[in-house]
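The values are calculated or read from the model by the stated rules, or taken from the named source; none is laboratory data. On a predicted model such as this, the values are computed, not experimentally measured, just so you know. Cβ atoms come from the backbone with ideal geometry, glycine included; neighbour counts cover every protein chain shown. Each accessible area value is taken on the protein alone, full model and side chains, heavy atoms only, with ligands, DNA and RNA left out. Shrake-Rupley method; radii C 1.70, N 1.55, O 1.52, S 1.80 Å.
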Amino acid sequence: MSYIEGFILAVPEENKQAFIDHASAAFPLFEEFGVTRHVECWEDQVEDGKVTDMRRAVKAKPGEKIVFSWLEYPSKAVRDSAFEKMMSDPRMENMPAMPFDGQRMVYGGFEAISDIGAGQKDCYVSGSVFAVPTANKAEFTAFAKKMAAIFKEYGAVRLMDAWGTDVPRGKVTDFQGAVQAKDDETVSFGWVEWPSKAANDEAWPKIMADPRMAEITMPADGSRMIFGGFTPVVNLFSKTNAKT
């Protein structure tokens with residue numbers, strides 16, 4: 001089962017190219033350690049929320065852009081092995097300094113519960129994070145699959161929903177704080193990939209008007225969901241997971 005390391009971070013807008021270069025330089029090592037895909041998505045449309053939002057999740061400052069990011073692994077076991085290698089490999093120490101404030105980055109490990117379609121090199125991403133009552137895992141999985149089926153009809157090419165299994169608490173920020181998760185809730189991390197921003201923009205009104213949407217109940221507090229639209233600026237596949 002696919003395993004995801006998900007991240008949200010705030011990057012100074014003037015550091016965009018440095019960020020792209022930094023992430024791209026890291027991928028050969030990541031690939032060696034078992035990563036099958038590395039995606040960094042730059043803010044396109046991230047709106048302020050009434051309760052929570054992605055900007056508040058990372059305490060973004062004026063002039064900073066939100067990045068929604070993930071690494072994909074074939075399994076949690078591969079991810080755990082990769083993490084140990086990353087922590088001990090001396091080459092990691094020689095990587096350039098991160099062009100953003102790592103203390104405000106939120107991150108965690110998530111196991112896929114619904115993974116439909118295939119990722120593409122050229123795409124537009126709608127990213128989201130939920131706080132889900134842990135007891136509702138089965139209901140949330142069914143909800144995710146029903147939503148994915150509808151979204152795919154309207155042109156989505158990849159739909160991922162993943163359940164938090166290793167989501168550490170942070171000193172400054174964390175995923176739990178990002179969605180105001182309660183003690184009996186689990187954080188989920190997911191995204192929808194579209195062929196283009198135009199496809200995303202055209203599909204959403206149709207999806208919201210689809211009568212089937214009114215019949216689907218979200219087994220989580222939607223007011224604490226954080227989400228946004230993003231353009232990938234790094235989208236790299238391993239040789240064993242190559243895309244054209």
Highest-fluctuation residue, 48, 221, 210 considered, GNM on the chain with Cα pairs under 10 Å: 210
Gaussian network model of the chain, springs between alpha carbon atoms under 10 Å - residue of 218, 98, 87 with greatest fluctuation: 87
Overall form of segment 98-242 per C-alpha gyration tensor (a/c, 1.5; a/b vs b/c): oblate
For residue 185, distant residues with modelled amide H under 5 Å away: 134
About the Cα centre, charge dipole magnitude for the chain (Lys/Arg +1, Asp/Glu -1 at Cβ), debye: 120
Per-residue HN-Hα couplings for segment 82-91 [Karplus 6.51, -1.76, 1.60; θ = phi - 60°; Hz; x = Gly/Pro]: 5, 4, 4, 5, 4, 6, 10, 6, x, 5
Farthest toward positive dipole pole in the chain [+1 Lys/Arg, -1 Asp/Glu at C-beta], among 10, 168, 214: 214
List 182, 76, ordered by accessible area with a 1.4 Å probe, largest first: 182, 76
Local electrostatic count, residue 153, Cβ distance below 12 Å [Lys/Arg +1, Asp/Glu -1]: +3
Exposure of residue 107 as accessible area (Å², to 10), given a probe of 1.4 Å and all protein chains: 110
